[in-house]
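Below: one structure, written as structure tokens.
Just so it is clear, none of the values below were taken in a lab; they were calculated from the coordinates. Keep in mind that what you see is a predicted model, and the values were worked out from it rather than measured. In this analysis, Cβ positions are derived from the backbone assuming ideal geometry, glycine residues included, and neighbour counts consider all displayed protein chains.
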């Protein structure tokens, strides 16, 4: 009986962290069109928001604002976001199966793309395990498993 109480207490104490939402993303395919972003590289940030307030803030942030304020945001809210950054070039097809954010505590994940054209250039992921991200000339979008 004492053992059951100790185990139960351990779960209650750690319960918030044990059952907190986490990044489920296992694989990412990034498909960049030949003339994407006016034929220039595109910086991508996959951003895991650690709490609901940060997620809501990021959902109203454009990619331009994100890339401009990213460092200050990390200083102001240490641990508030986890970031996986990469840069892709037109014509590139990239398959990644070792996602640095996988398993990290997060209320949600957004993708920001640094395009040279105006726009939000932001996508919100919905707990997907696998995504196919298509970067076009002026915008990005998620494709289904068939590439549609």
Requested in this report: Give, in nm to one decimal, the length gained when the segment between residue 129 and residue 116 is fully stretched (0.36 nm per residue of separation minus the Cα-Cα distance).
Outcome: 1.8 nm
**Report entry** Relative contact order (percent, whole number), the range 22-143, Cα cutoff 8 Å, 6+ residue spacing
**Finding:** 47
Query raised in the report: Tell me, 40, 27, 61 in order of fewest to most beta-carbon neighbours within 10 Å?
Result: 40, 27, 61
Requested in this report: Please determine, in degrees from 0 to 90 and to the nearest 10, the orientation of helix 63-76 with respect to the longest principal axis defined by the Cα atoms of the chain, where the helix direction is its Cα long axis.
Outcome: 30
Query raised in the report: Among 36, 20, 120, whose mean-square fluctuation peaks in a Gaussian network model of the chain (Cα, cutoff 10 Å)?
Result: 20
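Compute the length gained on full extension between residue 141 and residue 38: take 0.36 nm times their separation in residues and subtract their Cα-Cα distance, giving the result in nm to one decimal. Could you put the intermediate results ahead of the total?
Numbers: separation 103, 0.36 × 103 = 37.08 nm, distance 1.67 nm.
Extending this stretch completely gives an extra 35.4 nm.
Taking 0.36 nm per intervening residue step and subtracting the Cα-Cα distance, what contour gain separates residue 89 from residue 26 on full extension? Provide the component values of the computation, followed by the final result.
On the way: separation 63, 0.36 × 63 = 22.68 nm, distance 2.23 nm.
Answer, rounded to one decimal: 20.4 nm.
Ranking 54, 140 by Cβ neighbours within 10 Å, fewest first, what do you get?
54, 140
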**Report entry** Residues of the range 80-112 with amide N under 14 Å of the 7 Å Cα→Cβ point at residue 59
**Finding:** 107-111
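Rounded to the nearest 500, what is the 222 nm mean residue ellipticity of the chain from helices alone, with -39500 (n - 2.57) per DSSP H run of 4+ residues and division by all residues?
On the way: 4 runs with 43 residues, N = 148.
About -8500 deg cm²/dmol.
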Query raised in the report: At what distance in nm do the modelled label points of residue 68 and residue 97 sit from each other, each positioned 7 Å from its Cα along Cα→Cβ?
Result: 4.1
Query raised in the report: What angle, in degrees between 0 and 90 and rounded to the nearest 10, separates the Cα long axis of helix 2-18 from the longest principal axis of the Cα atoms of the chain?
Result: 20
Report summary line: Ranked on Cβ counts within 10 Å of their own Cβ, fewest leading, 141, 57 go 141, 57
